[in-house]
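Every number in this text was worked out from the coordinates using simple rules, so none of it is lab data. No experiment lies behind these values; they were computed from the predicted model shown. Heads up, the Cβs are rebuilt from the backbone with ideal geometry, glycines too, and the neighbour counts pull from every protein chain shown.
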């Protein structure tokens, strides 16, 4: 009885969820997920290879793109073990420590990606407003320091979360709605007061995603003001065309993230399938689509990819 009570007080595992009621079709469902992971990993790896091997692409815009590709690779590799384990082997059981580790990497990499998208907006702003000083403002050492700052911010803000979660007691049915661990969902499993976790989680979201998205919006307002001063219509379109890929990446990243956060905090009565679907969109679509968008819209990368596959 004492052992049973201690297990109820703090069980060592949580249970992940695939698609409830569709367990018999998990192998079939795994096919599109495997395809998404293969395309995502190969696409981002090809982007990294092209930027590394082509000296002409060692420019600020492409260095930031390589950072984005590395972050997307990390996100894919963070979620792949638990998602494929559920669909292939029906392995839903995960230890609390493994769950805390996974949510640490998912959230820290997400906020690092948010910082990189902000830096890419600044890159486009400088390129359009001060093209003559572009190379002198965004030097390689300065970009390297920015990258280290992004990693430090993402890791430092998320580092306390596993410890804040670890201090709680978990005595409820420890079933998560997703095939991976997210802080906003794991903290709701606790049977003790989660006020600190909720406040700190909101602070992290506002100080990263909130601030970054506002600064990106401000950057594009300044870009539009600059573009509208250009006399030639062709030059205006050419300047805006350099921003299309980044705008797509921003929308692909922020819209699912904000939607998932709103559903978890305010959409308690929302259908379970919507929450599951939004979780997959949030973590799988940006790493999948970013290399596709940049390969299609960036002439230099598209030409190198065609050259590689033609050989």
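Just a few scattered comments:
- In this label model, residue 236 and residue 15 are separated by 6.0 nm, measuring between points 7 Å along each Cα→Cβ vector.
- Separation in nanometres of the label points that stand 7 Å from Cα toward Cβ, at residue 26 and residue 272: 1.4
- Counting beta carbons within 10 Å around each of 125, 273, 65 and listing the fewest first gives the order 273, 125, 65.
- Extended-chain gain in nm, criterion 0.36 nm per residue less alpha-carbon gap, residue 97 and residue 140: 11.7 nm
- Working note: 222 nm ellipticity from helices only, DSSP H runs with n ≥ 4, each -39,500 (n - 2.57), summed and divided by the residues of the chain, gives -25000 deg cm²/dmol to the nearest 500.
- Spread over its residues, the convex hull of the C-alpha atoms of the range 86-180 is 142 Å³ per residue.
- 20 °C / 1.002 mPa s Stokes-Einstein diffusion coefficient of the chain, Kirkwood radius on C-alpha pairs, µm²/s: 102
- Remark: the residue 195-residue 77 segment gains 39.4 nm on full extension, using 0.36 nm per residue and subtracting the alpha carbon distance.
- Each of residue 90 and residue 306 was given a label point 7 Å from its Cα along the Cα-to-Cβ line. The distance between the two points is 4.9 nm.
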